[in-house]
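Below you'll find the structure, written out as structure tokens, and then a few comments.
What follows is calculated from the coordinates using simple rules that are stated; it is not laboratory data. Given the structure is predicted, the values throughout are model-derived calculations rather than measurements. Using ideal geometry, Cβ is built from the backbone for each residue, glycine included, and neighbour counts are taken over all protein chains shown.
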Amino acid sequence: MRRLAIACVLLAPALALAEPKTAGEWYSEGETQFSLGNFQGAIDAFKKGFAMEPVERNKAAYLYNIAQAYRLSKMDCGQARFFYNRYLDLKSQDTVKPLTPEKRAEVEGFIKDLEACESVAKKQPDGPMQPDGPGAKPDGTKPGTKDVATKNGDGDGDGDGDDGGKVVKGATGAPKLISARLLGGGAVYSAGELPVPTQASGALIAGYPLALSPQLGLELGAAFTFSPMPFEGAMGQSQSGQFIGAMANLGATYNVIPKLGVRADVGAGVLVMSGISESPFTAFQPTTGALSVFHVRAGVSADYAITPNVVVTAAPFAFSYSPAATGFAEKIKSITTIDFMVGLGYRM
């Protein structure tokens with residue numbers, strides 16, 4: 001009896017190891033291998049978990065994870081497309097928690113890229129998602145991942161925050177076609193010894209976004225600024241001119257937290273000053289038309305995403321510089337501006 005008891009004790013670990021893994025355990029193994037960058041190991045584990053998953057509607061999460069691993073590993077674009085399509089097919093049959101239009105559009109975007117077999121480095125890295133039901137892992141999300149499942153979710157990856165498709169994105173998200181901001185506020189001008197009161201000011205900044213990493217993006221485009229410029233004419237009458245800036249602009253946004261990003265803009269172009277003939281700017285001498293001069297502008301701002309497409313923008317500081325134009329009063333060597341504005345942005 002003593003020998004039998006000893007044998008049982010020695011064999012217990014081996015018997016435990018020989019016991020087949022559950023679907024949830026295979027999921028955990030796949031997630032571990034995914035996090036370590038062993039995408040082939042993650043694929044194998046997710047496939048085994050898929051075969052053992054007892055809840056049919058939870059199988060969509062496994063298909064999505066397999067497609068993610070194929071896409072990010074660059075191993076097989078065809079297999080990645082296949083499993084993304086299988087994921088969409090299975091989710092189309094889910095009447096309890098159908099796929100949201102936003103998630104469908106995201107997956108279809110992956111498929112479109114894969115059809116041309118473009119580099120997956122252009123896409124933000126994504127993480128695996130987890131189904132609920134039997135075998136679900138404990139609560140918690142993995143840092144540095146985009147799609148992470150939670151315990152009580154359904155694992156459909158629709159990004160609504162209650163199902164394991166919780167999407168952690170940058171403040172400005174990831175615009176692909178255009179990003180534009182319309183701002184308004186005030187500007188403090190300095191023109192030599194000429195006193196210029198604070199003026200209303202507006203700006204339109206737009207461009208084409210380029211994602212360099214999940215946190216950092218660039219925007220190549222243009223910036224336009226406008227300020228009315230009231231003054232007293234030679235006879236004491238009230239008049240008004242306009243200062244209009246047009247520049248090529250480079251913007252860079254860094255995502256501090258999921259919905260908040262800080263941004264820096266640098267632009268260079270031309271400042272057009274119209275309606276200032278016979279004004280203090282020209283020593284009350286007439287001009288033949290609008291004056292124009294080289295113009296540079298640099299500013300900082302913060303963007304807060306209200307929706308994936310709409311952001312609130314606060315630009316507390318921007319500095320502009322222009323050398324004096326030919327025809328300006330002798331005492332005016334340059335025009336500098338400090339402006340502060342708020343506004344709304346739209347990206348798509």
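Skipping prolines and chain starts, which residues have an amide H placed within reach, meaning under 5 Å, of the one on residue 334, given they are 5 or more residues away or on another chain?
Amide H to amide H, under 5 Å and 5 or more residues apart or across chains, residue 334 pairs with 192, 324.
Please list 3J(HN,Hα) in residue order for the stretch 96-103, calculated via the Karplus relation 6.51 cos²θ - 1.76 cosθ + 1.60 where θ = phi - 60°; whole Hz, with x for glycine and proline.
7, 9, x, 5, 6, x, 5, 5
Percentage of Cα-Cα pair distances in the stretch 204-266 greater than 14 Å, rounded to whole percent?
In whole percent, the share of Cα-Cα pairs in the stretch 204-266 beyond 14 Å is 65.
Could you give log10 I(q)/I(0) at q = 0.14, 0.15, 0.22, 0.25 Å⁻¹ for the stretch 307-348, computed by the Debye formula over C-alpha point scatterers of equal weight, without solvent?
Here log10 of I(q) over I(0) equals -0.53, -0.57, -0.75, -0.84.
About its Cα centre, what dipole magnitude does the stretch 200-334 give when the only charges are +1 on Lys and Arg Cβ and -1 on Asp and Glu Cβ, stated in debye to the nearest 20?
Details: 5 positive and 6 negative charges, 43 e Å.
Dipole of the stretch 200-334, to the nearest 20 debye: 200 debye.
Bins of 5 Å, beginning at zero and ending with the bin holding the largest distance: percent of Cα pairs per bin for the stretch 179-347, please.
For the stretch 179-347, the binned pair fractions read 2, 9, 17, 21, 16, 12, 9, 7, 5, 3, 1, 0 percent.
Could you calculate the FRET efficiency of residue 235 with residue 274 from 1/(1 + (r/R0)^6), where r is the beta carbon distance between them and R0 is 22 Å, rounded to 0.05? Intermediate values should be presented prior to the final figure.
Numbers: r = 20 Å, r/R0 = 0.92.
With a Förster radius of 22 Å, E is 0.60.
Would you mind computing, in nm to one decimal, how far apart the modelled labels at residue 319 and residue 112 are, each placed 7 Å from Cα along Cα→Cβ?
Here the answer is 4.2 nm between the modelled labels.
Name the residue farthest towards the positive end of the dipole of the stretch 210-348 from the options 276, 243, 298, assuming +1 on Cβ of Lys and Arg, -1 on Cβ of Asp and Glu, about the Cα centre.
298
Using a 7 Å offset from the Cα along the Cα-to-Cβ direction at both residue 252 and residue 35, what is the distance between the two label points in nm, to one decimal?
Reported label-point gap for residue 252 and residue 35 is 3.2 nm.
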